[in-house]
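Worksheet for the structure shown next.
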Amino acid sequence: MQATLKKIFKQRYLLLMLIPGMITVLLFSYGPMAGLYMAFIDYKPSLGNFWESFFGSPFVGLQWFKYFFSGQDFVRVLRNTLASSVLTLSFKFFVPILIAVALNEAKGKWFKRIVQTSSYLPYFISWVIASNIIITMLSSNGLVNQLLLGLGLIEESIPFLQTGKYFWGIIAVSNTWKDMGYDSIMYLAAIASINPGLFEAAKVDGAGRLKQIWYILLPMLKPTIIILLILNIGNLMNTGFDQFFMLGNATTMEYSDVIDTYSFRYGIQNGMFSYATAVSLFKSVVAFLLVVTCNGISKKMKSTTLF
Amino acid sequence: MKRVYLREKIPTYIGNILVYGFLGFILIVTFIPLWNVFVLSLNDATDSMQGGFMLWPRKFSIDSYITVLSNPEIHSAAKVTILRTLIGIPYTVTIVSMTAYVLSKKNLIAKRAINFFFIFTMYFSGSLIPTYMVMKGLGLIDNFLVFILPLGMNVFWMILVRTFMEGLPDELEEAAQIEGANDIQIFLKIVIPICTPVLATIVLFVAIQQWNSWYDSYIYTYKPNLKTLPAVLVKILNQYQTKDMAATAKAATQGVTAESIRMATTMVATLPIIMIYPLLQKFFLKGMLLGAVKD
């Protein structure tokens, strides 16, 4: 006991420096977690100020969850969430590998630099700006329609963003477009750490470029690929909010409404605070379990396959 | 002899076409969309409505920019965005680096528990509505501080800085300790100066986050004088999404359309990012690799 107190006294300046960070996390991360209690009450803002309403509203148990699971919306938003994130993953996952392999094969320093510089750029702009660009590209007289018209592939402009069945694909391509350059960095780093002697040995044995990629490069990248894949699967429920909020509209609602936008609409726009909280609590819990499971698996694999 | 040479050469040609073709494709799809918006923002709005691909403005005009830059709403939004970025950078960097320093200490009391306290927030969040309620309870609705205080701590960045600090040799601090310096003095005079590279990365992270934030302004503020540039852009985007194209086209007045205003506003919001892009590339990527190695 005395030893502990002594240690605390000795580290008093350190503990002092910890306070701002702890208070910030306590207020803005743990505060909302405590506020998840809202999902189990029938929050009535009319009961007075916030605290009076918070503690005065009747406890309803799992009523909001039952309401959500038994409604038609549940299947629809869960389908949209999973469909768009699985489609995104299957597309977004492979392009960065291709980019890294191609950059490794290409000669010409300045050309590689320009490609890299350009491909990282979309990552740094916000979804607000990215959505503005994507909407411009996909509008009826935008570049994509002009290109398709010019090539004679279509007779008249396709209203991409007003057609529900294109929406998941647009999300998948947009996510890929935004992150592919940045995601390729991880693979480039992995390629850079491969012993060049392996390639030279293969060359001596008469292996061409394709064979070197197939038999050396890809097997060496395999651990990185598998771990990133598992981590990505862990994040399947975390689709992101911005792109759905900005690219979706009333005409594509059937396909663009994911759990996050659904909860946003009910909470902020319709004022059904408790219901919206229940919906996002469901998502948070499932996402949490998925991430923790996948992180656990990847950690296990790291220790067995990498080292 | 010659036949062997050819047989070897043909796959090389095909390989080159595939490699350079693919990279060229990547270059085009990442560069042209942004460039196209830039060109459209500088092209005469009525001329743009004819469509057609342009690599350069067909009919050069800065009318859209004049309209955007003389709009008081944009003025106010730009001011708020610049202010929150300038205040947010020192605030967040201070808290993040202090926390990182404390957690980099090997003999810190209750280190595991404190670590868990921070890490857990990366995996589980209280979600939208309860967060809104917390802001309301703290009186942060319609308050400029809502742009600063909640963003003060970021666990991911803290881990980046902590990793860097853990790599520093112990002797540096021991020498100062013998001379009687306390932890705060060591932190300020010894640790911070050595950590400049990783702190520069964090400065850029914060700057980008502050500059790009729209959500807090959109949800937690109602006063027009607290709207940020991205929040105004979201509003423009929403209006555009709900209107149909014909109505947008009709709104053309004096060489300016809703469409060209949208382009010019987008460019105004993007320009600062492009300007610091060389720095970003240098530090951001380094920061990411630093995190990747340790995770």
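Laboratory data are not the source of any read-out in this text; all were calculated from the coordinates shown. As the structure is a computational prediction, the values presented were derived from the model and not from experiment. With ideal geometry, Cβ positions are generated from the backbone for all residues, glycine too; neighbour counts draw on all protein chains shown.
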Expressed as a rounded percentage, what relative contact order does the stretch A:244-297 have, with Cα pairs under 8 Å and six or more residues apart? 23 percent
Expressed in angstrom and ordered largest first, the alpha-carbon extents of chain B along the principal axes are 80, 74, 34
Compare B:14, B:66, B:273 in a GNM of chain B, Cα atoms joined below 10 Å, and give the one with the largest fluctuation. B:14
Rounded FRET efficiency, nearest 0.05, which uses the C-beta distance separating residue B:115 from residue B:49 and R0 of 45 Å: 0.20
Report the full-extension gain for the segment residue A:2 to residue A:253: residue separation times 0.36 nm, less the Cα-Cα distance, to one decimal in nm. 84.0 nm
For the stretch B:1-135, what is the largest minus smallest coordinate of the Cα atoms on each principal axis, given in angstrom and ordered from greatest to least? 74, 62, 29
Expressed in nanometres to one decimal, the distance between label points 7 Å along Cα→Cβ at residue A:148 and residue A:215 is 4.4 nm
Distance in Å, no decimals, from the C-alpha centre of the stretch B:154-232 to the one of the stretch A:199-233 is 38 Å
In a Gaussian network model over chain B where Cα atoms closer than 10 Å are linked, find which of B:36, B:238, B:16 has the largest mean-square fluctuation. B:16
Once you've got the Cα coordinates, tell me which of A:299/B:105; A:165/A:283; B:111/B:282; A:7/A:302; A:107/A:178 are over 29 Å apart. B:111/B:282; A:7/A:302
Full extension between residue B:277 and residue B:79 adds, at 0.36 nm per residue less the Cα distance, a length in nm of 69.1 nm
Tilt, helix A:109-124 to longest principal axis of chain A (alpha-carbon atoms), in degrees rounded to tens, equals 10 degrees
With each label point set 7 Å from Cα along the Cα-Cβ vector, what nm distance links residue A:47 and residue B:194? 5.4 nm
Whole-Å distance linking the alpha carbon centroid of the stretch B:97-153 with that of the stretch A:131-194 is 36 Å
Ordering of B:141-154, A:138-151 by packing [mean C-beta count within 10 Å, highest first]: B:141-154, A:138-151
Counting other C-beta atoms within 10 Å, and keeping those with at most 10, which DSSP coil GluC sites (Glu not before Pro) do you find in the stretch A:60-160? A:155, A:156
Would you look at the GNM of chain B, springs on alpha carbons closer than 10 Å, and say which of B:46, B:85, B:221 moves the most? B:46
Taking 45 Å as R0, compute the FRET efficiency from the Cβ-Cβ separation of residue B:58 and residue B:25 and round it to 0.05. 0.95
Percent relative contact order for chain B, counting Cα pairs under 8 Å at least six residues apart, stands at 29 percent
Could you pull out the trypsin sites (Lys or Arg not before Pro) across the stretch B:78-142 that fall in loop regions by DSSP (anything but H, G, I, E, B) with no more than 16 other Cβ atoms inside 10 Å? B:105, B:106
To the nearest 20 debye, what is the magnitude of the charge dipole of the protein assembly as shown about its Cα centre, counting +1 on the Cβ of each Lys and Arg and -1 on the Cβ of each Asp and Glu? 1280 debye
Helix B:229-242 versus the longest principal axis of chain B: what angle, 0 to 90°, nearest 10, using Cα atoms? 40 degrees
Relative to the Cα centre, what is the charge dipole magnitude of chain A, using +1 at the beta carbon of each Lys and Arg, -1 at the beta carbon of each Asp and Glu, and rounding to the nearest 20 debye? 1320 debye
Pseudo-spin-label distance residue B:239 to residue A:232, built 7 Å along Cα→Cβ, given in nm, is 3.9 nm
What number, in percent, do you get for the relative contact order of the stretch A:113-257 if the mean sequence gap of Cα pairs under 8 Å and at least 6 apart is divided by its residue count? 34 percent
In degrees, nearest 10, the alpha-carbon axis of helix B:72-103 is tilted away from the dominant principal axis of the alpha carbons of chain B by 30 degrees
Mind pulling up the Rg/Rh value for the protein assembly as shown? Radius of gyration and Kirkwood radius, both on Cα. 0.99
Counting sequence-distant residues (5 or more places) and residues on other chains, those with an amide H built under 5 Å from that of residue A:41 are A:60
